[in-house]
Structures are given as C-alpha cells and as structure tokens.
Amino acid sequence: MCGIVGYIGPGDATPVILNGLKRLEYRGYDSAGLAVLQNGQIEIRRDAGKLSVLEDLVRTRPVSGHLGIGHTRWATHGKPDQRNAHPHIGMTGDVVVVHNGIVENFLDLRQELESECAIFKSDTDTETIVHLLERYIGAGMTLESAARQAFSQLRGSQAIVAFSVREPDRLVACRIGNAGGVTVGVGDGEMYVASDIPAILEHTRQLVFLESRQMAVVTADGYTCQTLDGAPISHSVHTIPWDPVSAAKGEYKHFMQKEIYEQPRAVTDTLRGRVDFGARVVDIENEIRITPEQAHRLQKIIIVACGTSYYSGLVGKALIERIARIPVEVAIGSEFRYADPLIDDTMAVLAITQSGETVDTLAAMEEAREKGALVWSIVNAIGSQAMRVADGCIPMHAGPEVGVASTKAFTTSIVDQYLLACYLAQLRGTADPAVLRQQIADLARLPDLMGSVLDRTEQYQELANHLHQYNNFLYLGRGMNYPIALEGALKLKEISYIHAEGYPAGEMKHGPIALIDENMPVLTVAIQDHVYDKMISQIEQAKARNGVVIAVATEGDALVAAKADYVLYVPQTPELLSPLVTVLPLQLLAYTIAVWRGADVDQPRNLAKSVTVE
Ligand code: AGP
C-alpha cells in the first residue's frame, strides 16, 4: 500500500521525508515522490521505481524547505510512471496533495472539473482532489475550509495530506474510511504526519490518530482536529513504546529473518501480564471486556481475517472449541463482507489483523457491528483502526512486523486466541478445572520450545540447495496442523514465487495424489499427535509415487526418519500448542529457499504489508 510522510517546522523537510519513506518501503510501492515549499514555490521531485530513484533526483536537483510532503505509491488508477507518481499539483501551482486510497467517484468529479476547464495531467484519481482544492481556494476559501469542502465530496476510503503556497505555515491531513492511517506526530516546535508509525518514530513517540472523516490542521507549533463538518474534536496523544532500534534489522539480513527469530521473545511479550502462572489463571479482562453473563450467553464466535491471519483463525477455531467448548466459524474477510452473514447478539465476531487496517477485515467488523454482534479484534499495530473500533481488543504485542510475509504476528495471534479460549473457559466454567490449569501452565514452556527449533537452523541451507529448483510443492497437514500446511505453502509462494499448495492430508486420495511424482516435493507435518498414524500412511503413499518427502517430525522419531527423504525435528509439544512450533521449520525453509533464489524477501513483488484497498 501507499505511504505518506509530511513535515512542518524549523528543520529541512527533505531528509525527514526521505528517511520516513524509507521506513515505509516494506509496504510495497512502485513509485515515489516529494513536494517541498522552497522560496515560495512548490518544488516536486517524483518518478517511477524505488526510493533510490527519488534520492538520485534530489541529489541532482536539491530541494529544501520547512514544509513538505512525500509519498510512495502502489498503483491503483494509472500506470506506475512519473506523471502518475505523487505528489500531484494542479494548474495554478498553488496546491499540492499526496493521497492513499481510492476516490470511487473520481470519474464524475473529473468530468465536472473538466467541464470547468480543469486540465488533468495524470490518470490518477488523486488529481481530482487537487483540482477541487484549487476550485475552492480560488473562490477565496482558506486551505482549511477548502479542504473540508473538497474532501466531503469524495466517496471511498482516503488518507490525504495537502498544503498551499498561500498558507506556508500549515498543512492539512485527513482520514476518510480505512485507506490506512493518518497519524500526527507531535515534536518540539515541529510536527509530522504519516500513514504509518515507523515513518516518524525516530522523531517522536507522541502520536495522535485520526478517525474516519476527521481532519487535522497542522502548524509547526501544534495541531487542531475537526470533523469534515467542521465540528472541533480533541484527541488524546498516545505514547508509542516502539523504539526505532527495534524496528531496525539489527544483525539480520532481512526483516523477515529477524522477525522469525524474534518469535520466542514476541510470544513472551504476548503472555506478559496476562497469565498468573502461580495460580494458573488467565486475565485479559481489561482487554476483551466481556462480563461473565455475556460469556455465558455467547453461542458462537465467528473469526474473520485474510491471508495468514485467516490461517491463524483456523488454528484458533480448534483452540476455542477444544478449550472453551464454544462453536467457532472462520470466515475470509473478502467473502464475509458480501455474504449477508447470519449474525445476532448471541455471537462475537473476532477480527484477526496484524496491520489493523485490512479493508476487508474492517468491513467485516462493520457488518458484524450493524448486526448486533460483539466485535473483538486481535491486532499488532497499536492505534490501528481494528484496534480502535472493537468492543474489546487483545494486542499481539509482537512489536513492529516489517517483512511483508507475516511470521511473528501469526504465532502471537495464535497465542492470543489460546489466551482468549482459556479466559472464556474460566468465565463459563465449561472446562475441567484441572485440565484447564494444565493448559494454562503449558504456556510457560512455549518460548523455550520455539527457541529450541530456531537454535538448529544449519540444515535449512542444505535443504534449500536441494529444493530451490523445484517449481511446485504440496504441503499436507491434519487437525491443528492442517492450517500450518496452508500457512507454510503461503510463505513459500509469497516470498520465493514458487507455486505451493496446502491441503488437508486426508484429501490427498481425492485428487492431489495425481500430482505426486519425483518432481513434486511433499511437505508433511507428521508430529506425534492423535493423527500421527494417518500421517505416516500419507508419507508412505507419497513415497510410493516417488514423491520427495520432507517431514516435520517429533524429536527422536526414527520411524518418520526411515520413511521421509528429509526430517525437520521439533520438540515434543502439547498438541494444542504444536502449531506454534511446527510452523517455524516451514517459515525457515521458505525464507532460505527465497534467499537462495535471490528474491526480494522483505518486499515481494506485487505484495503489500497492509491491503487497504479491495
Ligand atoms: C501474509 O504473509 C501476507 N502478507 C498476507 O496474507 C497478510 O496476512 C494478509 O494481507 C492479512 O494482513 P493483516 O493481518 O494485516 O490483516
């Protein structure tokens, strides 16, 4: 998705913008640009390609000033080229805009503006915003009034930042719907705006988050907030705990690698303050905010998510049904929002979203609220929309997940669902107390169990040397590890561009077995759980067809080692926690193969960290 950075203050806007955009590179983009007010003129530098192209432009044609905005664009309307790159300026050269989202009524607006002799220089929907601002400023309005007037006419979700040469002491920033965030950063005599926290975290950790249909007017000394109707609003300033260092790669080659290895610590942070290991009790009362009466009335939980978060929900279904004995459905956000789902006030809808800004997941939350359900969320990005609109939220506390391919958010979101299941079981009194206390006690070992897998990674390089040349993989799992097969396949697909398919192992004989031959590596999750014997026969069936079998197995399992071509061992783990260790070899394998193939691991082609448009 697109990224936005803005600055106003006594310093030079150009380096603030360039460094801020660099911290947003992970969001995926195909062009970049900036606009700075210099000597009373708006100077623009922009082009297709990566930030390095923009940096070269600025190096050859330097620009500096105390007010500026920058943008990385993921093309929606108009090819990713220089004329469509942001920022966009109108005909007078007085106003400049950067924008995330889609102006759904941009064709009507463009026709209306062109009938007033507006000349469009790009194919973007964004340019309609510039011309609307010019129309109203040209009619004598201030930037603030013109912005309210112009932005109120836009349909769809937007994040917009703009300034005018006529009012060099301010910029306006506006959020409409869920096109990614708009955050105001409070500095000392200088101010920042950004679409994402990491862009400005090195300058300030005092942040204000705009809600939908809200606008901020930002000067070097501060900000005011208002609705698009002009009603003043006051926003509390959040102090964000993320420090810039933890968002940097450290000694790792890629953010994804760092985040894979961070998982034991991330899970430790997820558990912190929520489990009394002495009393063996879970307490998330202040987060999920459900009364015992509501917990008893709960007839069903519907988990809604996309991509990796959807696979996390599939694991969560098993956890909540097995521990709390509450029926659970799991739905894909983009399907759920248009399915007119059967929901009522005896249900809770749980959204799982790392970014907290996935448009389909947010829309599903809105649908649930309109139908009277409790709306919960499990979110990583502090202050994101899915966190703020929910009745109760259990943050993942995974820390910044910068790699586009999700890893620690996946595992910490599963831990959150485990905690939710235990907490609901406590409130409802539906579990055997001794069993529940043991399930809670098991959590204490989890970081070490995960760490023991991550301590032995030398074998992955050799495995990648063998496997990188294959073009198709099949991932098989059963029970709680069927979602792990799906997730493992997605990891390989999205970072190495190798086709991979996850399948419930029992389905092999219903079709996929026709695919298996010496050109088809088969990854099986075959740990010693209640479906182990079935997995052993799956491995035998694949071997009988000359398939190359890589098995994730329980340490010391000689039977699997005798049958499979390669074995990736994980420690003996309580079955309900097993997905948290079995996913690690699949993350490491996908990462190592992708690096072997020279792929852009942290910013895979065509992908974005947060899908804020449909
Ligand atoms: C996961 O590796 C992918 N990047 C993608 O499937 C992601 O999980 C999905 O877009 C959902 O994102 P969210 O968790 O931020 O809602």
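Data overview
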item: Span from the the stretch 256-319 Cα centroid across to the the stretch 122-155 one, whole angstrom; result: 44 Å
item: Rounded to 5, percent antiparallel among DSSP beta bridges of the chain; result: 60 percent
item: Approximate shape of the stretch 257-399 as ellipsoid semi-axes (Cα gyration tensor, √5λ), whole Å, largest first; result: 23, 19, 14
item: Size descriptor, Kirkwood hydrodynamic radius, that averages inverse alpha-carbon separations across the stretch 17-69, Å; result: 11.4 Å
item: Nearest-ten-degree value, helix 482-496 long axis tilted from longest Cα axis of the chain; result: 50 degrees
item: Cα-based Rg and Dmax for the stretch 390-508, where Dmax is the largest Cα-Cα distance (Å); result: 17.7, 53
item: Computed FRET value (nearest 0.05) for E366 with N606, which takes r as the C-beta separation and R₀ as 30 Å; result: 0.65
item: E55-D565 FRET efficiency (beta carbon distance; Förster radius 56 Å; 0.05 resolution); result: 0.75
item: Convex hull projection area averaged over all views, the stretch 529-608, Cα basis, nm²; result: 7.0 nm²
item: Cα→Cβ-extended label distance, 7 Å offset, between R597 and H499, nm; result: 1.2 nm
item: Two-site label geometry, D345 and A544: point separation in nm, points 7 Å out along Cα→Cβ; result: 5.7 nm
item: Sorted by Cβ neighbour density within 10 Å, fewest at the top, the residues T308, T128, T60; result: T60, T308, T128
item: Rounded to whole Hz, the Karplus (6.51, -1.76, 1.60) HN-Hα couplings of the stretch 308-320, x for glycine and proline; result: 4, 5, 5, 5, 4, x, 5, 5, x, 4, 4, 5, 5
item: Charge sum, other residues only, whose C-beta stays under 12 Å from Q158's C-beta, Lys/Arg counted +1 and Asp/Glu -1; result: +1
item: Exposure proxy ranking, count of Cβ atoms within 10 Å, fewest first, for R45, R322; result: R322, R45
item: Pairwise Cα inverse-distance average, inverted: Kirkwood Rh of the stretch 85-192 (Å); result: 14.0 Å
item: Residue order, fewest to most surrounding Cβ atoms within 10 angstrom, among V172, V63; result: V63, V172
item: Shape category assigned to the stretch 397-463 from the gyration tensor of Cα positions, a/c cut at 1.5; result: oblate
item: Tensor-based shape of the stretch 1-110 (alpha-carbon gyration tensor, a/c under 1.5 rounded, otherwise prolate or oblate); result: oblate
item: Chain lengthening between H466 and R388 when straightened (0.36 nm per residue, less Cα-Cα); result: 23.4 nm
item: Computed [θ] at 222 nm, helices only, for the chain once each DSSP H run of length n ≥ 4 contributes -39500 (n - 2.57); result: -10500 deg cm²/dmol
item: Local electrostatic count, G488, Cβ distance below 13 Å [Lys/Arg +1, Asp/Glu -1]; result: -1
item: Residue-span extension gain [E116 to M141] - 0.36 nm each, minus C-alpha spacing; result: 7.2 nm
item: Extension reserve of the N105-N519 stretch, reckoned as 0.36 nm per residue once the Cα distance is removed; result: 144.1 nm
item: Note, ³J(HN,Hα) from phi for the stretch 431-446, Karplus 6.51, -1.76, 1.60, rounded to Hz, x at Gly and Pro; result: 9, 5, x, 5, 5, 5, 5, 5, 4, 6, 4, 4, 4, 4, 8, 4
item: For the chain, fraction of C-alpha pairs farther apart than 31 Å, in %; result: 52 percent
item: Cα convex hull of the stretch 200-316, projected area averaged across orientations, nm²; result: 12.7 nm²
item: Using alpha-carbon coordinates, inclination of helix 126-138 to the longest axis of the chain, degrees; result: 30 degrees
item: Rounded if a/c under 1.5, otherwise prolate or oblate - the stretch 352-424, Cα gyration tensor axes; result: oblate
item: Amide hydrogen neighbours beyond the local backbone of S578, cut-off 5 Å, H modeled; result: none
item: Listed pairs K22/K493; K50/K493; K493/K543; K258/K491 exceeding 19 Å between Cα atoms; result: K22/K493; K50/K493; K493/K543
item: Per-residue HN-Hα couplings for the stretch 514-520 [Karplus 6.51, -1.76, 1.60; θ = phi - 60°; Hz; x = Gly/Pro]; result: 5, 7, 7, 7, 5, 9, 10
item: Net charge over other residues, Cβ less than 13 angstrom from the Cβ of R274 (K, R count +1; D, E count -1); result: -4
item: With Cα atoms, 0 to 90° folded angle of helix 51-60 axis to the chain main axis; result: 30 degrees
item: Principal axes of the stretch 167-238: Cα extent on each, largest first, Å; result: 32, 27, 22
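Readers should treat all values here as calculations from the given coordinates under stated rules, not as data from a laboratory. Fair warning: this is a prediction, and the values are worked out from it, not measured in the lab. Here the Cβ is made from the backbone with ideal geometry for all residues, glycine too, and neighbour counts use every protein chain on show.
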